[in-house]
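Q: Structure provided below as structure tokens; questions to follow.
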Number of protein chains: 2
Amino acid sequence: MRPSKRDELVRKALNIFYREGFHATGMDLLSGETGISKTTMFKHFHSKDELILAVLRLRDQDFRTWLFRRMAEAGEPRAQLLAMFDALAEWFAKPDFRSCMFIKAASEYPDPDHPIHVQSAEHKRMLFRQLQAIASEAGAKDPAGLARALLLLKEGAIVTAHLGHEADPAGDAKAIAEKLISAALD
Amino acid sequence: MRPSKRDELVRKALNIFYREGFHATGMDLLSGETGISKTTMFKHFHSKDELILAVLRLRDQDFRTWLFRRMAEAGEPRAQLLAMFDALAEWFAKPDFRSCMFIKAASEYPDPDHPIHVQSAEHKRMLFRQLQAIASEAGAKDPAGLARALLLLKEGAIVTAHLGHEADPAGDAKAIAEKLISAALD
DNA sequence: TTGAAAGTGTACAGATCAGTTCATTTTGGA
DNA sequence: TCCAAAATGAACTGATCTGTACACTTTCAA
């Protein structure tokens, strides 16, 4: 089995779903835009939902790899935590930024038991675990509490960057994070 | 003109869109669930998008009226600001809570120039203005900055309540808000 | 009571949706 | 070179989508 076509499909579908939305993107359009025949698409994935789940798995990998690599470059655990918001600022500045794929997925599949909704929630949990580990390394008194607070700031910044009129939501979030981190580590 | 049918339609459509999503809710289903004929629906609104815009206008009114009334009951401006998070906690606890309608609308209509997206952003701006006024009354050194920070916490709490596994996102947000308000008023 | 406005039910148009079928062509490794 | 796996294109199913047409009924106020 050669996985290249399948991977190519998932990666291209990711960009289109992210830009246009899930329901608004039909399989015919997807086939046309990717240049991959519908027959092949349905050979790799038995349904549109399965394709979306594969897209979300890829996005989860890509996003967490990107974010925590950026954070790791900052050095000390305490600096890593703050660096999350610098990474967010870069993301928001991209012209094709359109919010968080998992917030959007959960919005389009509101049933909490739907696999797409469940998998979106799982992404957030993975973020929490990794962030908690760094907060722990940094010597936080309550690593879980600090991780929850920083993630709350992250989600707020994303929504505000997408829907708000603010100049620098990532900067606002970072300023708050600095206070929280100082208080959590002293 | 008797507006009762029209209002009834908008109010019932609001609940269905909120529960099921916009694209996932067809006009036939809407007609069936509301008991209002499709002919009448399209006499009042020339398209589904127009109905959605009316739904969002109603939701904007309802939500801001509810939120700022709850806050006003808290008395002093400083207490009002904190009361926002108590109101959020009540909202999150409702069994039919499914995130913020405007975050969902912007997710389903990702084109920033789409009227539905524009109107969703406008809701957030209205929230900002009202919150800024209260921050100003409270004597904040930078009312706009405090309003931005509190709204960022609000959006983060909503997303976390919808998608996260946290026990009390509104409480987490409130704890952070307390620190910010104290620092902004001293 | 009457008459216009508002609402109904049904059937329909035309497009699009997810997903299938099948005969043909392309591909890449042995 | 050969062969099986992979991919293709195009037509097709049946359902659903937004929106329309039209004849009929209900409502309400003058």
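Nothing in this text is a laboratory measurement; each read-out follows from the coordinates by a stated rule. Computed from a prediction, not measured in an experiment: that's the story for all the values here. Using ideal geometry, Cβ is built from the backbone for each residue, glycine included, and neighbour counts are taken over all protein chains shown.
Q: Grab the alpha carbons of the protein assembly as shown, take their convex hull, and tell me the volume per residue in Å³.
A: Expressed per residue, the convex hull around the Cα atoms of the protein assembly as shown is 151 Å³.
Q: Can you tell me how much longer the chain between B:Ala79 and B:Ala144 gets when fully stretched, taken as 0.36 nm per residue apart minus their C-alpha distance, in nm with one decimal?
A: 21.6 nm
Q: At 222 nm, what value in deg cm²/dmol follows for the protein assembly as shown if DSSP H runs of at least 4 each add -39500 (n - 2.57) and the sum is divided by all its residues, to the nearest 500?
A: -25500 deg cm²/dmol
Q: For region A:131-186, report the % of Cα-Cα distances exceeding 12 Å.
A: 64
Q: How far is A:Asp28 from the same spot in each other copy, in nm, shortest first, if each label point sits 7 Å from Cα toward Cβ?
A: 1.8
Q: Would you mind listing the distances between the B:Ala72 label point and the same position in each other copy? Use 7 Å along Cα-to-C-beta, nm, one decimal, shortest first.
A: So the label point of B:Ala72 gives 5.4 nm to the other copies.
Q: Select from A:Lys124, A:Lys94, A:Lys48 the residue whose mean-square fluctuation is largest in a Gaussian network model of chain A (Cα-Cα springs shorter than 10 Å).
A: It is A:Lys94.
Q: Now, a different point. Residues with beta-carbon under 15 Å from that of B:Ile134, excluding B:Ile134: net charge, scoring Lys, Arg +1 and Asp, Glu -1?
A: Overall, the nearby charge balance is +3.
Q: Considering the Cα positions of region B:53-185, please state its Rg to one decimal place and its Dmax as a whole number of Å.
A: Every Cα atom of region B:53-185 included, Rg and Dmax give 14.6, 41 Å.
Q: With 10 angstrom as the radius, rank A:Thr160, B:Thr39, A:Thr34 by how many other C-beta atoms surround their C-beta, starting from the fewest.
A: In order of increasing Cβ crowding within 10 Å: B:Thr39, A:Thr34, A:Thr160.
Q: If you don't mind, another one. Measuring nothing but label to label, 7 Å from Cα along Cα→Cβ, what are B:Asp49's distances to the other copies in nm, shortest first?
A: Counterpart label points of B:Asp49 in the remaining copies fall at 3.0 nm.
Q: Could you tell me the center-to-center distance, by alpha carbons, between region B:1-76 and region A:118-184 in angstrom?
A: 34
Q: Sticking with the crude label model, points 7 Å out along Cα→Cβ, report the distance from B:Arg64 to B:Glu178 in nm, one decimal please.
A: 3.0
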